[in-house]
Amino acid sequence: MADGRADNARQPDADGVLVLPASVAKTYGQKLAYRPSLNVLAPWRIETDVAEWTLQIPADAEYEVLVTLAADDASAGDSYVIEAESTSLKSTVKSTGGYESFAEQSAGTIKLKAGVQKLLLRPDGALKQELADVRAVKLKKVK
């Protein structure tokens, strides 16, 4: 990383879109893991379990955060936080009708600084049941 780049860092495409699939997340905690057969991060039942991606941001910019997830009515309303080096964003899971139905949900916008950094996704406090099954996080540069 002598040149300031990380080999496994995800970078935005030409349109300023950065896709962070579940398959490349690092997970920390007791139960959360990547489940290849379902292509999701699950089960997210413990409030201290965290998913992490490494990003390479070319220039300071604002990004809309979209989370592709599945959640049932019992899990709807749980909060989560997306954190990067100098910013954080709190959002709430909305029901997608069940764990077999995935939807892209907007979490809001964050400002990211140029350079290599970690992006974390974690529950914000105790969970009613399960946060959600997460398939991907997408960052879209705000024009």
What residue, among those in region 104-139 that are basic (Lys, Arg) and in contact (Cβ under 8 Å) with a residue 60 or more places away in the chain, is nearest to Ile82 (Cα to Cα)?
Arg122
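Which is aliphatic (A, V, I, L, M) and in contact with a helix residue (DSSP H, G or I) (Cβ under 6 Å, 6 or more places away or on another chain), of Val81, Val67, Val40? Reasoning before the result, please.
Working: Val81 fails: in contact with a helix residue (DSSP H, G or I) (Cβ under 6 Å, 6 or more places away or on another chain); Val67 fails: in contact with a helix residue (DSSP H, G or I) (Cβ under 6 Å, 6 or more places away or on another chain).
On inspection, the qualifying residue turns out to be Val40.
Quickly run through region 50-103 and pick out the residues that are among the hydroxyl-bearing types (Ser, Thr, Tyr) and free of Cβ contacts under 8 Å to residues at least 24 places away in the same chain. Before you say what the answer is, go through the steps one by one.
Restricting attention to region 50-103, the residues satisfying the condition of being among the hydroxyl-bearing types (Ser, Thr, Tyr) are 54, 63, 68, 75, 79-80, 86-88, 91-92, 95-96, 99, 101.
Selection gives Ser88, Thr92.
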When region 30-80 is examined, which residues are found to be among the small types (Gly, Ala, Ser) and either buried (at least 18 other Cβ atoms within 10 Å of the Cβ) or not in a strand (DSSP E or B) (or both)?
Ser37, Ala42, Ala51, Ala59, Ala70, Ala71, Ala74, Ser75, Ala76, Gly77
Just for region 5-51: of the residues that are of a type in the set (Gly, Ala, Ser) and within 15 Å of the chain's Cα centre (by Cα), which one is nearest to Ala70 (Cα to Cα)?
Ala42
Qualifying residue in region 119-126 (condition: among the basic types (Lys, Arg) and either surrounded by fewer than 19 Cβ atoms within 10 Å (Cβ to Cβ) or within 23 Å of Asp15 (Cα to Cα) (or both)):
no
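A short reminder: the numbers here are calculations on the coordinates, not readings from a lab. Since the model is a prediction, treat every value here as computed from it, not as a measurement. Quick reminder, even Gly has a Cβ in these numbers, built from the backbone with ideal geometry, and neighbours come from all protein chains shown.
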